[in-house]
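Please read the structure below before turning to the comments.
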Amino acid sequence: MVFRESGRCFEITRILYPWVETIVEEESTSYTPTCAEQNYKSTQLMLSGRNKIPCQSQESLPWVRKLTLYMNRADEDDLPAIAKLSGLTELIIHSSNKPLRRLARIGLQCLPIKSLKILLHGIFEKDPINPIHESFDLDKIITFQLHFMRLTTYSYSIKEQIRTLLSRLPNIQNLSLITPNFDFDHIMDKLKPNSLHSLHLKIIRGNSNQELQVENALQNQEMSLKRLYLSQRMHLRKELQNYGLIEFDRIVMDYETSEAELVRNISRIRNILQDGKRFRQLYQYLFGWWSNMWKMGKREELKQFNDDIQQLKSYVMDIGKSNKNNLEKINNELQQIKKDIEILGNLNENSRSTTQLELMSLPDHILADVLKNLNQIHVCRVCPINRRLYRLGKAKLYNSIYFSASLGETFHISPDLCTSFYTKFTIINDWYCFPWTQNNSNLGLVRKVVFASSGPCFDITRILYPWIDTIVENESTSYTPTCAEQNYESTQLMLSGRNKIPCQSQESMPWVRKLTLYMNRVDEDDLPAIAKLTGLTELSVRSTDDRLRILNPVGLECLPIKSLEISFSGTMEVVSIHLFQEIFDLEKIVTFQLHFLHVEKYPDDLSEQIRTLLSMLPSMQHLSLITPNIDFDHVMDRLKPNSLHELHLKIIRGNGNEELRVDHALQNQEMSLKRLYVSHRKDLHLDKQNYGLIEFDRIMGFRAGYVGGLVKDLARVRNMLRDGKRFRQLYQISLNELRLPNIQSLPWITPRIYFDHVIDRLKPNFLRVLELKIIHDRNEELQVENALPNQQMSLNRLYLSNKKDLDAEINYKLIELDRIVEDQEPLSEAKLIKNISRIRNMLRDGKRFRQLYQILLNEDSWARMSVQMTQFRSDNQQLKSDLIEIGESSKKNLEKIISEIQKIKKDNEVPRNPHENTTTTQLTLMSLSDRILGDILKNLNQIHVCQVCPTNRRLYRLGKAKLYNSIYFSISSGQKLLISPGLYTSFYTKFTIVSNWYFFPWTQDNSNLRLVRKMVFASSGPFFDMTRNLCPWIDTIVEDESTSYTPTCAEQNYKSTQLMLSGRNKIPCQSQESLPWVRKLTLYMNLVKKDYLAPIAKLTGLTELSVPSKDDRLSILNRVGLECLPIKSLEISLDGAIEVLSINLFQEIFDLEKIITFQLHLFRVEKYSDDLSEQVRELLPRLSNMQNISLITPGIDFDHVMDRLKPNSLHVLHLKFISDDGGYEKFQFDNALENQEASLQRLYLNAITNLHRGKQNHGLIEFDRIMDYPKGASDEE
């Protein structure tokens, strides 16, 4: 509770309600409080003769943000206590006759004071301003207020003193002056131009005809000023605390404003703003207290000047666009508040007492963010649920619209297409289908409309609806627009003979992100305007002849262009590589597209020119080439290995039998490639703007004549992937305009083919659902025996059938696994027993297909078989014995089926209960499926999951499964991990952390152990050994090997993704095959034998390598072949005497260009090499792609070591400085941080003298795992 002034009401409130934080802004001299003790925890205090600063000890009070100081009442002995307010940011000083010079000795310049308000009232004949320079650090002041209240005598030099004071406030943004009638133009002439955001000027002690001399001062601040207050009222009321910048927020009733004064003030405002052409940032203006008249509501006094009010309304409509937007925002917020109040008013008692967390209880902005991830079809399905989702969905559909009406072909629209293009835009293939002409109120929701090509539709839209941001991607030469003026505020522009860059002045346009440049139509005089697009990141150049040379003097190399597309159409005899290098800064290019479309004549050395050009793009990650049939293997051989993420290759002007020579190029990029488009279609349709990388996101409608080579293209994709052993990052393939998703469910209904041969090249253990059905006149068997074992580890559902006839009314393909259709002609007893025998042979008593839980053979599922078994009970006993012999894994699968059937029965019984209301329409959180609720719980740490579990039985079950899924034991590390509800790193949400192994329920009959999938131990020891022996089905992983304990069995899990290699732990190679699933390896160089190193080469998927070593034994890794592995994270920890750290050895062992995360830790090294700093300095620049680095070293100069790193390349930086004497005085890192300040996301700095035992807890891992606060750490530290 905040009281404006102290008094009896404030006193009573503080006594009656001590738990309420009571604050008073102004001290009253007419009331003596019974207790002047202020609240010790209050963030706002006063200091006077009655109110002291409540210092309970010598400690500081960093929570105090504001202090009001009464100089004429405060005792001088109480002033030093101000220095304890170490967090003070706002200071108000009232002084009548006490000089401010007494504050110079307190040390106010050491406090972080950003807001300073000084009120002077009384007689000040000498300089009251100069002590301000001595008492405060003026560089910190952002808000400054100086008020002369009822002063009888002023110093003659007061004007110059204020002028000098303002010139020494370099960071001031908010200013308030209440003075006599001074010349503000002269006082404020030394302020930095366009630096003020809020300005409050008030003159007193003059006649009413005096005007404020402020025109030049306002002109100097017109680009930045947001709030302005001007007043020449000659008298002030008693409430002194209500003057200054506070008047912008608090409107005080005024009953003394005359009608004539009001009209004069309105006219003055119009003249200053010049009909909205000046002060575009200004959104609040008060002049001569006239605005308070509106708040008072005295309408009878406004009747005499209705004309002036009408004139004011017309003026408001002429204000600039920025002010309109601010008014619209305020209006929208008021409307939303009204709606919220109506909703709260309509709530009944039942809705108030509900305990269920409903999905619809989320605020609108969160639901809108959810809808942004849906395409237009799914949004349309959501809209009919209720009125609120209809409103939000309609706003999403109308927000951004894409018209492809002018294209030769339309876009494909499907519920399955969820690329960024389909989720961002509502796609309309026919412009006339959109409700333009009728009175459509939804047009106000449209913010952006994009046309694929210019034309009459684009022209009409731009003219009829000027408030909509209309953008066109491609200029049409067959249509002449009525107005080619592009939107000045648009982020996407074109430059041609008709479309110019809308430069309103000489200023730059940093908001423009994309420019399409038509070189064959543009005037050369219009090109220099491109240099004003200082934020341009995407440039598309389309040319019919070689006119690129005229771009040389434009200065494109200075622009931050990251995406470059060049499309040639016409006769091309010369493509000058040096010209490209002169025009563009090729090192910045991340996305490059070079397209030759309908080019009649090509240069003879086109391949060599493109090859040379690609080698000059070191940062390229996305590439698109549309060329004649050239040797892409030769063209792309100089690219950095595994650097491309997207590759688009298309050859034209050839016969259909030509093949792309691209195998070696793909092999060079197979570890990084994510999206691949390869096409040797010789024909191109007219829509040239839809070629290139854009084809990954925009799917054109399927064209006739494309089915012929479909089977051949499928075979080509299969050969390329090689059973999934290549291109592990690849998730999208397009071959000859045929797009293939990542298939995991495969339905095939074909004539008689050999499935063993057809699906033999699929990736092993990849399919989850498989349906094979042959249709033929003969009763032949499915040849699938060899194909099924290749998928036995992953297959969940299997359907096999060789029935010769198909029913037209039956739902075929994968739907048959879920929908069981009654068979009119059931199988005979002999065929049924034969099918059962075949299933038994296939499963081999449960030793194969352990993941399989549903089998259908010749349209007979287990459920149908059990019904028909009543016809031959003699064979029923044989079936039971067969089921008993099935292995344990198959039994579990059958139990799952039985539990699902029981659940279905319960669900069927629920609607039969007449007492339950089954017509509810509310979408509750608990109506979501278990899978979605499980995903939600994955984002909570263990404490919050425990708080959710008691809600109901279902959440208890799901929460328990999450808690037991992955467990981390930190018992063996030097320090325990901190567990807190506020810790939300990826480590804390993934694992349940247990600090004591005995706390976990091991010995008792704990059924929850079956829920455990993974256990990670910080260090090996007896607890890890016992766990692995007691629970062999759990994936047990250890992060650090203990040398003081000998395990009973050092055999590591063959399927584990994390392994160790030492004298005791070997890589579990069961055969000569590779282990691509292993992601991390910890290699103990001081313990491992040389013979154990060779299997490392089999870890073809290894991305993270940690090498702890006590001496320099790294040289023996030279022959292992680590440079061929895709290692992206490398940690080297050296513990012992290190005299030589060979940089060349690092380069020979590892492929340093692949390294993204690098950690070099020197633990307790007794002797360092003399040139350690220079060696590390030489090593770091060779890590060209490094983004994350951790260095734990002795006292070296990090500024010198890191000076050769690429600027703004690091995302994560961890520096730890270990020295005998400790302290930060030798910790030199300022210049290194300054070099990375634009990119750095996570920073760790530490200067300590000792390291605890848990060495595995040092490095980048410290960002995610918070160690418990160490004992002995002082409060000062």
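All of the numbers you see were taken from the coordinates with simple rules; none came from a lab. Computed from a predicted structure; not experimentally measured. Heads up, the Cβs are rebuilt from the backbone with ideal geometry, glycines too, and the neighbour counts pull from every protein chain shown.
Here are some notes:
- Among Leu517, Leu1233, Leu923, sorting on how many other beta-carbon atoms sit within 10 Å of each Cβ, with the fewest leading, yields Leu923, Leu1233, Leu517.
- The fewest-to-most ranking of Lys1154, Lys532 by surrounding Cβ atoms within 10 Å reads Lys532, Lys1154.
- Modelled FRET efficiency - R0 56 Å, Arg387 with Asn1246, Cβ distances, 0.05 increments: 0.50
- For segment 409-566, the fraction of alpha-carbon pairs in successive 10 Å shells from zero, as %: 9, 36, 35, 17, 4, 0
- About its Cα centre, segment 26-148 has a charge dipole of approximately 160 debye under the convention of +1 per Lys or Arg Cβ and -1 per Asp or Glu Cβ, with nothing else charged.
- Cross-linked pairs Lys763/Lys1055; Lys66/Lys140; Lys448/Lys532; Lys1090/Lys1128: Cα-Cα separations exceed 21 Å for Lys448/Lys532; Lys1090/Lys1128.
- For Thr1036, the residues whose modelled amide H falls within less than 5 Å of its own, excluding neighbours fewer than 5 places apart on the same chain, are Met1015.
- Sorted by Cβ neighbour density within 10 Å, fewest at the top, the residues Leu362, Leu47: Leu362, Leu47
- For Gly1195, the residues whose amide H sits under 5 Å from its own are Ile1218, ignoring neighbours fewer than 5 places away on the same chain, with H placed 1.01 Å from N.
- Shown is the FRET efficiency for Arg638 and Cys433, computed with R0 = 41 Å from the Cβ-Cβ distance and rounded to the nearest 0.05: 0.25.
- Average silhouette area of segment 1074-1137, convex hull of alpha-carbon atoms, in square nanometres: 4.0
- Along each principal axis, taking the top coordinate minus the bottom one, the Cα set of segment 1011-1131 gives 40, 30, 25 Å in descending order.
- Reducing segment 934-967 and segment 563-642 to their Cα centroids gives an inter-centroid distance of 54 Å.
- Taking 7 Å steps out from each Cα toward its Cβ at Gln109 and Asp183 produces label points 3.2 nm apart.
- Legend: distances between Cα atoms for Lys114/Lys226; Lys84/Lys114; Lys938/Lys1014; every pair falls at or below 23 Å.
- Two-site label geometry, Glu587 and His412: point separation in nm, points 7 Å out along Cα→Cβ: 4.2
- Mean separation of Cα contacts under 8 Å (6+ apart) over length of segment 924-1027, as relative contact order %: 32
- Three semi-axes of the equivalent ellipsoid, segment 360-483, Cα gyration tensor, whole Å, largest first: 28, 17, 12
- The modelled label-to-label distance between Lys1055 and Ser505, using points 7 Å beyond Cα along the C-beta direction, is 6.8 nm.
- Placing unit charges on the Cβ atoms of the charged side chains and taking the dipole of segment 924-1027 about its Cα centre, the candidate lying farthest along the positive direction among Phe999, Leu1011, Tyr968 is Leu1011.
- Scalar couplings 3J(HN,Hα) for segment 626-634, obtained by applying the Karplus form with A = 6.51, B = -1.76, C = 1.60 to θ = phi - 60°, are 10, 9, x, 6, 9, 7, 5, 4, 6 Hz; x denotes Gly and Pro.
- In sequence order, calculated HN-Hα J values of segment 100-111 (Karplus, 6.51, -1.76, 1.60; Hz; x Gly/Pro): 6, 5, 5, 7, 5, 8, 7, x, 5, 5, 8, 8
- Dividing the radius of gyration of the alpha carbons in segment 1-49 by their Kirkwood radius gives 0.90 for Rg/Rh.
- Once the C-beta distance of Leu597 and Ala529 is scaled by a Förster radius of 25 Å, the resulting FRET efficiency is 0.40 to the nearest 0.05.
- Over segment 924-1027, volume per residue of the alpha carbon convex hull, in Å³: 112
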